[in-house]
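The values are calculated or read from the model by the stated rules, or taken from the named source; none is laboratory data. Everything numeric here is computed off the predicted structure, so don't read it as measured data. Ideal geometry is used to build each Cβ from the backbone, glycine not excepted, and the neighbour counts take in all protein chains shown. Side chains included, ligands, DNA and RNA excluded: accessible areas come from the protein's heavy atoms. Shrake-Rupley method; radii C 1.70, N 1.55, O 1.52, S 1.80 Å.
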Amino acid sequence: MHVRDVELSKLRPSPTRDFADPLKLSRHGPFDWNKYTPIVVEEDGPLLTIQDGMTRVENARRTGIEKLPAYVFPKR
């Protein structure tokens, strides 16, 4: 698997889940690099769609983090 840093500003939500679960956000607390694995992103040309990791992305945004490591897969 290829892992690279992606800018949060370039990510778009998945069409099937376009927001982070508020209950998960409250349980996870502040962003902690030691607790989280890379998010999963589908790349379609310049578009990067989150496939897994909406809560991690939202926690990172709230903390002021601008990039996250991601497993990036080409769109099938």
How much net charge surrounds Val40 when only other residues with a Cβ under 13 Å from its Cβ are counted (Lys, Arg +1; Asp, Glu -1)? +1
Expected 222 nm ellipticity per residue - DSSP helices of 4 or more, -39500 (n - 2.57), all of the chain, to 500: -6000 deg cm²/dmol
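Kindly flag which residue pairs out of Lys24/Lys75; Lys35/Lys67; Lys35/Lys75 have an alpha-carbon separation exceeding 21 Å in this structure.
Violating the 21 Å Cα-Cα cut-off are Lys24/Lys75; Lys35/Lys75.
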Going through region 27-66, which trypsin sites (Lys or Arg not before Pro) have at most 16 other Cβ atoms within 10 Å and a DSSP loop state? Lys35
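Carbon-plus-sulfur fraction of the accessible area of the chain, 1.4 Å probe, in percent? Show your work: numbers first, answer last.
Values: 2640 of 5130 Å².
Exposed carbon and sulfur together represent 51 percent of the surface.
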Kirkwood Rh over alpha-carbon pairs of region 20-71 plugged into Stokes-Einstein at 4 °C, 1.567 mPa s gives a D in µm²/s of 113 µm²/s
Residue-normalised accessible area of the chain, given per residue in Å² at a 1.4 Å probe: 67 Å²
Using alpha-carbon coordinates, inclination of helix 54-63 to the longest axis of the chain, degrees: 60 degrees
